[in-house]
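Novice: Have a look at the structure that comes next, please.
The values are calculated or read from the model by the stated rules, or taken from the named source; none is laboratory data. Just so it is clear, the model here is predicted, and its values are computed rather than measured. Cβ sites come from the backbone with ideal geometry, for glycine too, and all protein chains shown count toward neighbours. What goes into the accessible areas is simple: the full protein's heavy atoms, side chains included, and nothing from ligands, DNA or RNA. Shrake-Rupley method; radii C 1.70, N 1.55, O 1.52, S 1.80 Å.
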Amino acid sequence: IGVLGSGDFARSLAIRLVCSGFKVVVGSRNPKRKAGLFPSAAEVTFQAEAVKKTDVIFVAVFREHYSTLCDLADVLVGKILVDVSNNTEINHHKESNAEYLASLFPACTVVKGFNVVSAWTLQSGARDGNKQVLICSNNQEAKRTVAEIAQVMGFTPVDMGCMSSACEIENIPLRLLPAWKIPIFLALGLFLCFFTYNLVRQVIHPYIREQKNKFYKIPIEVVNTTLPCVAYVMLSLVYLPGVLAACSQLYYGTKYRRFPDWLDQWLQHRKQIGLLSFFCAALHAMYSLCLPMRRSHRYQLIDTAVKQAVEKKMTVWVEEEVWRMEIYISVGIIALGLLSLLAITSLPSIANSLNWREFSFIQSTLGFIALVISTLHTLTYGWSRAFDENQYKFYLPPTYTLTLLVPCTVILAKVIFSLPCIQQRLLRIRRGWEKGRYVKFVLPSAAGEYSSGETSSNV
């Protein structure tokens, strides 16, 4: 195998090829100076010599340096060139790097591949999970050859089609969390809404009505009140699109009608939404543990003790509040534990070790149980305070009452869908039954002959 280039990627590529049992010849403009950078088993020589000795050549140079290889055009005839380059910006050029390389060397067969694999991954191999290598070319035999090399190196080759796919392959490493943008903006939007709402209730209201300065609550208390709201609503948004999809299938009586684009996108982003829900819940748990460490909390404890001494109260024990907090914390721990399980099983390395039934049970059944337990956690926090008029600041209801709207809707819908009459109909639809579809049947006549006819599947 030939490697043209002496940069970090070329060096990592040579190391991986040597470890995989290939004989590697590295072509460099300064072989004497670069030889010490490569493994001793690899031969480092001039570019022309490396090209002559090999049939498959990895071109590990930047696009702007392709022209320096034009002097090798005669010796490159009939060779397979693997373009591993990337751009600095998405769609920076009209044509992909691989197409540009093919235009410079029309007598060669160009294959796009290995550009989505980092230099570090090449050195470490595929030990940290499945690593895909996207490959495209107009020559099937060349693609097969490069795919076999990738398999021997411990990677999973994926055929992306002809050379026209090279532009899309080159854009993949440049995209910053493409599947996370909508969920992140959704989480930030919910956080800002709930944060503003809690700020008005916990800080602005006492400042205006009672002239009390409680702005110290903003960094910890207001944030800690906001995070569980975001986590709870985000968790319910994981299961709400499934409810809407089931309603659509029941209404139209078929599973073959496409969902609206917004619902289709929503269904595809459920994993990211769920992980952000777990992230907010974990932050809420950490913030809650830090509440007693605050200086303001210590001052409040001292004030309470002084008032109790002045009023000569022997105890302030309230049995109902004790039980409420015990149940509230216990249920919250269970909910966080289930969310942790959901987050762990969403990792590819863990998900690949589960069969479909196991994965579905954890993500669907246990996920719904986590939503129910989170609802109990919220209800226990509210207890009977939802009916206390003092809790309505500026006539605004407590925050937790607002967060209950979407989750309770999802839970109610799930209960309705579990009814036998609806569950059986939904199951039939998902197994291919359609409302209004006509099917042919054959009936025997009185003379013993068979006559054909048709009837609606509704009959």
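Novice: Using 0.36 nm per residue, how much length does the chain from residue 223 to residue 315 gain when fully extended, once their Cα-Cα distance is taken away? Display every interim value, and only then the final one.
Specialist: Numbers: separation 92, 0.36 × 92 = 33.12 nm, distance 3.18 nm.
Value of the extension gain: 29.9 nm.
Novice: Which of the GluC sites (Glu not before Pro) across segment 219-322 are loop residues per DSSP, with 10 or fewer other Cβ within 10 Å?
Specialist: Values: sites: 221, 311, 319, 320, 321; in loops: 311.
The qualifying sites are 311.
Novice: Next question, about the same structure. Considering only protein heavy atoms, what per residue accessible area in square angstrom results for segment 184-245 with a 1.4 angstrom probe? Intermediate results must be reported in sequence, preceding the final value.
Specialist: Details: 2770 Å² over 62 residues.
So segment 184-245 comes to 45 Å² accessible per residue, rounded to a whole number.
Novice: Using a Förster distance of 30 angstrom, determine the FRET efficiency expected from the C-beta separation of residue 322 and residue 366, and round it to 0.05.
Specialist: Values: r = 30 Å, r/R0 = 1.01.
Using R0 = 30 Å, I get an efficiency of 0.50.
Novice: Still on this structure, I have one more. Between residue 340 and residue 390, what length in nm is gained on full extension when 0.36 nm per residue of separation is reduced by their alpha carbon distance? Walk me through the numbers before you get to the answer.
Specialist: On the way: separation 50, 0.36 × 50 = 18.00 nm, distance 3.61 nm.
14.4 nm is the gain from fully extending residue 340 to residue 390.
Novice: Something else: Using Cα centres only, tell me the gap between segment 56-75 and segment 129-199 in whole Å.
Specialist: A separation of 27 Å, based on Cα centres.
Novice: A further question follows. Give, as ranges by residue number, the residues of segment 158-173 whose backbone N falls under 18 Å from the point 7 Å along Cα→Cβ of residue 140.
Specialist: Of the residues in segment 158-173, 158-165 have backbone N under 18 Å from the label point off residue 140.
Novice: Additional query: Percent of accessible area on segment 2-174 owned by carbon and sulfur, 1.4 Å probe? Before the final figure, lay out the partial values.
Specialist: Numbers: 4070 of 8240 Å².
After summing per-atom areas, the C and S share lands at 49 percent.
Novice: For segment 2-174, rounded, prolate or oblate, judged on the Cα gyration tensor with a ≥ b ≥ c (square roots of eigenvalues), a/c < 1.5 rounded, else prolate if a/b > b/c?
Specialist: Numbers: a/c = 1.44, a/b = 1.09, b/c = 1.32.
Verdict is rounded for segment 2-174.
Novice: Also: Once you sort the root eigenvalues of the Cα gyration tensor of segment 180-431 as a ≥ b ≥ c, which label holds: rounded (a/c under 1.5), prolate (a/b larger than b/c) or oblate (the other case)? Mind showing how you got there, number by number?
Specialist: Values: a/c = 2.15, a/b = 2.07, b/c = 1.04.
Judged from the Cα gyration tensor, segment 180-431 comes out prolate (a/c at least 1.5, a/b above b/c).
Novice: Further question: Note the listed values (i) 32.0, 106; (ii) 23.6, 88; (iii) 23.9, 77, then indicate which one is Rg and Dmax of the Cα atoms in Å calculated from this particular structure.
Specialist: Computing Rg and Dmax of the Cα atoms in Å and matching it to (i) 32.0, 106; (ii) 23.6, 88; (iii) 23.9, 77 gives (i).
Novice: Another question, if that's okay. Within segment 79-138, report the trypsin sites (Lys or Arg not before Pro) that DSSP leaves as loop and that have at most 10 other Cβ atoms within 10 Å. Numbers along the way, then the final one.
Specialist: Working: sites: 79, 94, 112, 127, 131; in loops: 79, 94, 127, 131.
Taking segment 79-138 and a limit of 10 other Cβ atoms within 10 Å, the loop trypsin sites (Lys or Arg not before Pro) found are 94, 127.
Novice: A further question follows. For the residue pair residue 33 and residue 91, what label-to-label distance in nm results when each label sits 7 Å from Cα along the Cα-to-beta-carbon direction?
Specialist: If labels sit at residue 33 and residue 91, their model points lie 4.0 nm apart.
Novice: Quick one: of the DSSP bridges fully inside the chain, what percent are antiparallel, nearest 5?
Specialist: Working: 9 of 31 bridges.
Approximately 30 percent, going by the DSSP bridge assignments.
Novice: May I pose another question? If you stretched the chain out fully between residue 257 and residue 282, how much longer would it get, using 0.36 nm times the residue separation minus the C-alpha to C-alpha distance? Can you show the working numbers first?
Specialist: Numbers: separation 25, 0.36 × 25 = 9.00 nm, distance 3.88 nm.
So the extension gain works out to 5.1 nm.
Novice: With labels modelled as points extended 7 Å from the Cα through the Cβ direction, what inter-label distance (nm, one decimal) is found for residue 265 paired with residue 77?
Specialist: Between residue 265 and residue 77, the label points sit 5.3 nm apart.
Novice: Here's something else I'd like to know. With a cut-off of 8 Å between alpha carbons and a minimum separation of six or more residues, what is the relative contact order of the chain in percent?
Specialist: Working: 587 pairs, mean separation 47.9, N = 459.
Averaging sequence separation for qualifying contacts and normalising by length gives 10 percent for the chain.
Novice: At R0 = 30 Å, how high is the FRET efficiency between residue 212 and residue 412 if r is their beta carbon distance? Nearest 0.05 is fine. Don't skip to the answer; put the middle values down first.
Specialist: Values: r = 40 Å, r/R0 = 1.33.
With a Förster radius of 30 Å, E is 0.15.
Novice: For segment 83-126 and segment 382-400, compute the distance between their C-alpha centroids and round to whole Å.
Specialist: Between the Cα centre of segment 83-126 and that of segment 382-400, the gap is 60 Å.
Novice: For segment 61-75, what does the Karplus curve 6.51 cos²θ - 1.76 cosθ + 1.60, with θ = phi - 60°, yield as ³J(HN,Hα) per residue in whole Hz, taken in order and with x for Gly and Pro?
Specialist: 10, 6, 4, 5, 9, 4, 5, 6, 8, 4, 5, 9, 4, 5, 7
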